[in-house]
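The values are calculated or read from the model by the stated rules, or taken from the named source; none is laboratory data. Values in this document were obtained by computation on a predicted structure and should not be read as measured data. Here the Cβ positions follow ideal geometry from the backbone for every residue, glycine too, while neighbour counts run over all protein chains shown. What goes into the accessible areas is simple: the full protein's heavy atoms, side chains included, and nothing from ligands, DNA or RNA. Shrake-Rupley method; radii C 1.70, N 1.55, O 1.52, S 1.80 Å.
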Amino acid sequence: MRKLLAAGVFALSASIAGAAFADPVKVGMITTLSGGGAGLGVDVRDGFMLAIKQSGNTEIEVVTEDDAMKPDLAVQIADKMLQSDKVDILTGIIWSNLAMAVVPNAVNQGTFYLSPNAGPSPLAGANCHANYFNVAWQNDNLHEAAGAYATSSGYKKVFIMAPNYPAGTDALTGFKRFYKGELAGEVYTKLGATDYAAEIAQIRASGADALFFFLPGGMGIAFMKQFAQSGVDLPVVGPAFSFSQDILGAVGDAALGVKNTSQWSKDIDNEANKAFVESFQAEYGRLPSLYASQGFDTANLILAAAAKASVKDKDAFRAALKAAEFTSVRGDFKFGPNHHPIQDIYVREVVKEGDVLTNKIVGVALEDHQDAYASECKM
C-alpha cells in the first residue's frame, strides 16, 4: 500500500515535473514561524515545500521569512521581498490583520498574492483584485458551515466567541448568517489572550445550550483546557482552526467529541489526499493539518500555472491560475468570480485513533459553497 500511495503522489506531479517553466519563478513566503501561532505557519510552509519537492522542479525558488504575527514586520518583509528579492509571487500569511497590511499594496504593484490561509472579507468583496487568489477559503466560510450545523442540530441558544481582529469579526458574522436560533451571548476576546476565566464565567451564566468559538492556535489550546476544567457542560461547535491536527495533541482529551467544520480532512476519500497524508507523515513524522493541506494545494496551483504560462506574462499567468488545473487534495476545486474557492465544507468529529487525537468526517454542512461577498467583487 505504501508503494502504491507514493506512486500516486508522484503520478499527480508527473505532468508538472516534466514540463519546464517558461521562466523561473521566485516565491516569497511570509508566514508565522514563532510565537503562539507558529504551528499554523510551520504547517503551511511544510505542506508547500513538500509539493515543491515532489514536483522535482528546480526552476522554482522559495524565500521564507517569519512575520512573528506582527503586521509592521510583515510589511517590512514584503517590501524587502518585492524590492530586493524581486519575487514574482507572495504567499504564506496566516493572520487576516497581516494580510490586510500586506496584500493590497503587493497586488497593486503587479505582484501575485496566493493566500494559503487568511481570507478577510474586504479582499473577497469590494477590494478584490485580479492578482489576488485565495486557495483556502473566505474567512466566513467554515463559520457559516458551523452555523448551518448548529441549526440542523437543533441548538436554540448558542453562545458565540472570537478574537477581536478581522478574522474574528468575519467568523461571528459568518456563523450568524446561517444560524437561525437565539444568541446567548456574543463576545470578542483580545487577540493572543491566554486567560479566559471571565469569558467562561459569562458562558456559565448565559443559559446557553451550546458554544461556538473561533480561537486559532495557542488561543484555542488555552481556552479548551480552561473550559474543560471549569465544569461547564455544553456541546461545542467550532471551525477546524480550533481543532486542527496541529493543536489537538496539546488540547488533549478535552476535545473528544467536538464537532468542527472544514473544507479538508485527512479521511477525504480520493487518491490525491491519501497520497498526501501518507507522504506528509513520512516526510515530517506527523499527521498533516488543514493548514498543511492548504500549503500543499497552493504550491501545486503555482506549479501547474507555471507549467502553462510565464509568470512574467501577467495576463497569461493569471488565466492559468484561475483555471486551477491541478489535483487538489480536497477533490473538486474551482475558483469563483472573486478568485475564492467554491467547495464542499464538511462536519468533522474529534476522535481518538490509538493514542492519537484526530478528526473524522461525519457529514457535509454545505455543498459547492461560494462566499457571501463574490457579488461585491467588480473585477
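Odds and ends about this structure:
- For the chain: relative contact order, % (alpha-carbon pairs under 8 angstrom, 6 or more apart): 20
- With all pairs of separate Cα atoms included, region 297-341 yields a Kirkwood hydrodynamic radius of 10.6 Å.
- Over region 325-377, the reciprocal of the mean inverse Cα-Cα separation, the Kirkwood hydrodynamic radius, stands at 13.1 Å.
- Under 13 Å, Cβ to Cβ, from residue 301 - net charge with Lys/Arg +1 and Asp/Glu -1: +3
- Sorted largest first, the spans of the alpha carbon positions of region 225-363 along the three principal axes are 59, 33, 24 Å.
- Proximal aspartates and glutamates to residue 70, defined as alpha-carbon separation beneath 16 angstrom and excluding residues fewer than eight positions away on the same chain: 79
- Computed Kirkwood radius, in angstrom, where 1/r is averaged over Cα pairs of the chain: 20.7
- Here's the picture: charge each Lys and Arg Cβ at +1 and each Asp and Glu Cβ at -1 in the chain, and of 255, 338, 327 the one pushed furthest to the positive end of that dipole is 338.
- Count, lysine Cα pairs under 25 Å in region 244-379, 8 or more residues apart or across chains: 23
- 0 to 90° range, to nearest 10: angle between helix 314-323 axis and the chain longest Cα axis: 50
- Approximating the spin labels as points 7 Å out from Cα along Cα→Cβ, the residue 194-to-residue 84 distance works out to 3.2 nm.
- Each semi-axis of the equivalent ellipsoid for region 36-183 is √(5λ) with λ an eigenvalue of the Cα gyration tensor; in descending order they amount to 32, 17, 14 Å.
- Accessible area per residue, Å², the chain with all protein chains present, probe 1.4 Å: 37
- Surface share of carbon and sulfur [accessible, 1.4 angstrom probe, percent] for the chain: 50
- Axis of helix 141-152 versus longest Cα principal axis of the chain: the two differ by about 30°, to the nearest ten degrees.
- Local charge for residue 206 was computed over the other residues whose Cβ lies under 12 Å away, with Lys and Arg +1 and Asp and Glu -1, and equals -2.
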